[in-house]
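For reference, the structure discussed in these notes is given below.
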Amino acid sequence: MNMNKTLFTVAAVTFSVFLLSCSSPKENKTLSESDIPPGHAQIVGVVSKIEPVSDDASQTGPCSKAPCVALVKVTSAVYGASFPQLVINKDIRVKFNFTLEKTTKDLFPNMKEEYPGLREGQEFTALVSHVETMDETAPQFQIYAYETN
């Protein structure tokens, strides 16, 4: 009888551990360093200033219709390999490749993702890429996707 009780207890504990390991974890916005691709950093930032749409007639695409560049105050960062160290609470110049406006079918007819747009003073979380460029006027940092906080 003691052997059956022990087997039952072992089976119950094993089954409980299995069920707990299969449960979906709570979503965590912050990635660990090992989850961040090289040349990227996950930041929490606040939009400090949105630059107006450029008057450059040669510019085409969404950034010719809606603002894409902003100064962003980085409040925290987790780095992937080969990403330059950022100064916390200092502004960096960032290009938002899907603009700072709410995504619409007019700007992005084939896009399935939706972003709500960002305003000055608004906090967000995003994966930022670092871009080496010869054009000193172009932002060195780019964001494709973000989440508002």
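The values are calculated or read from the model by the stated rules, or taken from the named source; none is laboratory data. Predicted, not measured: the structure shown is a model, and the values here were computed from it. Neighbour counts run over all protein chains shown; Cβ positions are idealised from the backbone, glycine included.
Identify the single condition in (1) within 20 Å of VAL74 (Cα to Cα); (2) in contact with a Pro (Cβ under 9 Å, 6 or more places away or on another chain) that LYS102 does not satisfy, given that it satisfies every other one.
The single condition LYS102 does not satisfy is (1).
Tell me which of these SER24 doesn't satisfy, since it passes every other one: (1) at pLDDT below 90; (2) in a strand (DSSP E or B).
Condition (2) is where SER24 drops out.
Where residues in the range 33-47 are part of a loop (DSSP other than H, G, I, E, B) and over 13 Å from the mean Cα position of the chain (by Cα), which of them is surrounded by the fewest Cβ atoms within 10 Å (Cβ to Cβ)?
Here is the first cut: in the range 33-47, the ones part of a loop (DSSP other than H, G, I, E, B) are 36-39.
Keeping just the survivors that are over 13 Å from the mean Cα position of the chain (by Cα) gives 38-39.
On the way: PRO38: 11, GLY39: 16.
This residue is PRO38.
List pairs: first residue in the range 99-128 and of a type in the set (Lys, Arg), second residue surrounded by 14 or more Cβ atoms within 10 Å (Cβ to Cβ) anywhere in the structure, Cβ distance under 9 angstrom, at least six positions apart or on different chains.
LYS102/TYR115; LYS102/GLY117; ARG119/VAL47; ARG119/ILE50; ARG119/LEU100
Could you tell me which numbered condition CYS63 fails, if it satisfies all but one of (1) over 14 Å from ILE143 (Cα atoms); (2) touching a Ser or Thr at 6+ places or on another chain (Cβ under 8 Å); (3) at pLDDT below 95; (4) not polar (S, T, N, Q)?
Tallying (1) over 14 Å from ILE143 (Cα atoms); (2) touching a Ser or Thr at 6+ places or on another chain (Cβ under 8 Å); (3) at pLDDT below 95; (4) not polar (S, T, N, Q), CYS63 fails exactly one: (1).
Return the residues of the range 84-110 that are on the phi > 0 side of the Ramachandran plot and in contact with a Ser or Thr (Cβ under 7 Å, 6 or more places away or on another chain); say none if nothing qualifies.
Step one: list which residues in the range 84-110 are on the phi > 0 side of the Ramachandran plot, which gives 89, 99.
Correct list: ASN89 only.
Would it be correct to say that LEU7 is within 31 Å of the chain's Cα centre (by Cα), surrounded by 10 or more Cβ atoms within 10 Å (Cβ to Cβ) and either at pLDDT 50 or above or more than 28 Å from GLN85 (Cβ to Cβ) (or both)?
Numbers: within 31 Å of the chain's Cα centre (by Cα): no; surrounded by 10 or more Cβ atoms within 10 Å (Cβ to Cβ): yes; either at pLDDT 50 or above or more than 28 Å from GLN85 (Cβ to Cβ) (or both): yes.
In short, no.
Quick check on PHE124: is it touching a Leu at 6+ places or on another chain (Cβ under 7 Å), under 19 Å from VAL74 (Cα atoms) and either modelled with pLDDT of 95 or more or not hydroxyl-bearing (Ser, Thr, Tyr) (or both)? Give the derivation first.
Details: touching a Leu at 6+ places or on another chain (Cβ under 7 Å): yes; under 19 Å from VAL74 (Cα atoms): yes; either modelled with pLDDT of 95 or more or not hydroxyl-bearing (Ser, Thr, Tyr) (or both): yes.
Taking the combined requirement at face value, the residue satisfies it.
Kindly indicate whether any position in the range 106-121 is buried (at least 18 other Cβ atoms within 10 Å of the Cβ), at pLDDT 90 or above and under 22 Å from THR137 (Cα atoms).
no
Considering only the range 123-149, state which residues are within 23 Å of ASP56 (Cα to Cα), among the polar types (S, T, N, Q) and not in a loop (DSSP other than H, G, I, E, B).
Residues of the range 123-149 that are within 23 Å of ASP56 (Cα to Cα), as a first pass: 131-144.
If we keep only those that are among the polar types (S, T, N, Q) too, we end up with 133, 137, 140, 142.
Within the range 123-149, GLN142 is the sole residue that qualifies.
Within the range 82-122, track down each residue that is of a type in the set (A, V, I, L, M, F, W, C) and either closer than 20 Å to PRO52 by Cβ or not in a loop (DSSP other than H, G, I, E, B) (or both). It would help to see each step written out before you state the result.
Here is the first cut: in the range 82-122, the ones of a type in the set (A, V, I, L, M, F, W, C) are 83, 86-88, 92, 94, 96, 98, 100, 107-108, 111, 118.
Answer for the range 82-122, where residues must be of a type in the set (A, V, I, L, M, F, W, C) and either closer than 20 Å to PRO52 by Cβ or not in a loop (DSSP other than H, G, I, E, B) (or both): ILE92, VAL94, PHE96, PHE98, LEU100, LEU107, LEU118.
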